[in-house]
Amino acid sequence: MKNSPPKPSYTILQTEASLGWGGQERRILVEALAMRRRGHRTAFVCDPRGELYQRARLQNFLVTPLVFGGIKNLGAWVGLRRLLSRTPVDILNTHSSLDSWVGTLAWRSLRNRPLLVRTRHLSTRVRDNRPTRWLYQTPAAIVTTGKVTKDLLIERLGVSARRIFSIPTGVELAEFAPQEKSRELLAQVQIPADAFIFGCVAVLRSWKGHLDLLEAFHALLQQGARAFLLLVGEGPYRGLIEEKIAQLGVQHRVRLAGFRDQVAPWFALMDVKVLASYANEGVPQSLLQALAMARPVVSTTVGGIPEVILDAETGLLVPPRDPRSLAQAMGRLMADPDYRRALGRRGRELVVQKFSMEQMAAEIETVYAVLRHSREGEGRG
């Protein structure tokens with residue numbers, strides 16, 4: 001019996017201009033960690049002021065500081081081109097708009113080019129113009145975090161479906177396993193141990209729909225529900241959220257827990273996970289994590305959410321910007337513990353079968369292999 005050929009090992013350079021720490025930046029880092037476990041090498045080029053720069057260094061990745069944007073674009077282009085010229089790289093993977101422009105132009109100027117991949121994380125509508133078309137049609141492949149984003153790029157920019165691969169972010173199943181509520185955390189946020197808790201884990205930004213969620217929760221309280229709402233996350237919308245809480249008079253029932261690096265114990269506190277987003281979503285990592293922990297979910301029909309929240313199977317879906325429908329779905333789950341358990345069980349099964357971290361990394365490896373074989377075929381031709 002012949003030995004199978006050794007699996008190829010790739011050197012991957014990830015670029016990211018973003019300074020924040022949300023789903024996109026988390027995806028880049030967990031992908032790198034998953035690929036490292038499978039024998040691949042990843043390095044980063046990031047803005048040194050950004051959170052990803054610091055976190056990638058803490059995970060012992062090689063990280064090159066580079067400031068993208070504005071008048072520094074030329075300097076970033078020179079710096080990235082120099083790095084690519086001196087460092088053998090198999091895959092150049094860009095992410096945000098700024099680093100994708102800098103990276104694609106630097107890549108274009110090289111004699112020996114790595115394979116160019118662009119990851120598109122959000123379902124935000126892209127501009128339909130010649131420069132944007134060029135930017136998306138130049139890479140050998142585009143990876144999206146949801147099918148809805150793939151369909152958008154095909155429809156709006158005419159990108160070939162064969163060059164786009166939908167690969168949602170994987171979940172670490174051991175970390176996000178079902179667990180009991182922590183009495184210590186409940187005491188920390190001053191919620192009684194026997195309380196029913198609706199919760200949301202998300203950056204506090206406008207399109208995550210926190211204001212609609214507060215309206216829905218207020219309506220439930222008006223109907224006599226005895227529950228708490230736990231908001232985990234930080235962001236630019238915190239002030240407006242605090243104002244809304246005061247306006248509705250629900251301070252006694254809402255808890256703002258702020259940013260938490262380890263969110264699994266916080267998901268465990270939630271009897272129902274709610275995400276009221278009204279725009280821009282791919283497949284939100286927080287929903288997959290909640291499903292992995294067997295938490296029933298109420299969310300909206302936005303972006304890639306319906307790809308994982310199958311209405312009445314793994315959660316309940318409502319239209320965006322509709323607090324009344326949101327309140328009805330939340331109330332339905334609050335009133336039916338057997339239904340909550342059934343949704344949670346099916347959600348966990350879905351993530352185990354289709355959305356594990358290992359599944360994500362294997363699909364990315366497949367993309368790289370397809371690109372490599374395609375290039376080798378072109379060389380022989």
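No value in this document is a laboratory result; all are computed from the given coordinates. Note that the coordinates shown come from a computational prediction; the quantities given were computed from them, not determined experimentally. Note that we place each Cβ from the backbone using ideal geometry, even for glycine, and neighbour counts take in every protein chain shown.
Tabulated values for the structure
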| item | result |
| --- | --- |
| Angle in degrees between helix 337-354 and the longest Cα principal axis of the chain, rounded to the nearest 10 | 10 degrees |
| Whole-number percent relative contact order across the range 183-354, with pairs defined as alpha carbons under 8 Å at least 6 apart | 23 percent |
| Inter-centroid distance (Cα atoms) of the range 71-147 relative to the range 148-225, Å | 30 Å |
| Cβ-based charge dipole, the chain, positive-most Cα from 42, 195, 270 | 42 |
| Cα shape, the range 183-354, gyration tensor, a/c 1.5 rule | rounded |
| Cα-based shape type of the range 48-123, given that a ≥ b ≥ c are square roots of the gyration tensor eigenvalues and the cut on a/c is 1.5 | rounded |
| 0 to 90° range, to nearest 10: angle between helix 97-108 axis and the chain longest Cα axis | 20 degrees |
| Helix 210-222 axis, angle to the chain major axis (alpha carbon atoms, nearest 10°) | 20 degrees |
| Residue pairs, from the table 150/208; 7/150; 147/181; 208/354; 208/244; 7/147, whose Cα atoms sit over 23 Å apart | 7/150; 147/181; 208/354; 7/147 |
| Relative contact order of the chain, defined on C-alpha pairs under 8 angstrom at six or more residues apart (%) | 14 percent |
| The chain: most fluctuating residue of 196, 267, 355 per GNM, C-alpha cutoff 10 Å | 196 |
| Segments 138-149, 20-31, 343-354 sorted - mean Cβ within 10 Å per residue, highest first | 138-149, 20-31, 343-354 |
| Gaussian network model of the chain, Cα within-10 Å springs - most flexible of 222, 54, 137 | 222 |
| Among beta bridges that DSSP assigns inside the range 183-354, antiparallel share in %, nearest 5 | 0 percent |
| Student exercise, the chain dipole from Lys, Arg, Asp, Glu Cβ charges, in Debye to nearest 20 | 1360 debye |
| Of 261, 336, 47, the one that fluctuates the most in a GNM where the chain has Cα springs shorter than 10 Å | 261 |
| Cβ-based net charge around residue 9, under 15 Å, with every Lys or Arg adding one and every Asp or Glu removing one | +4 |
| Label selected from [x] 21.6; [y] 20.5; [z] 16.6, the criterion being mean projected area of the Cα convex hull in nm² as computed here | [x] |
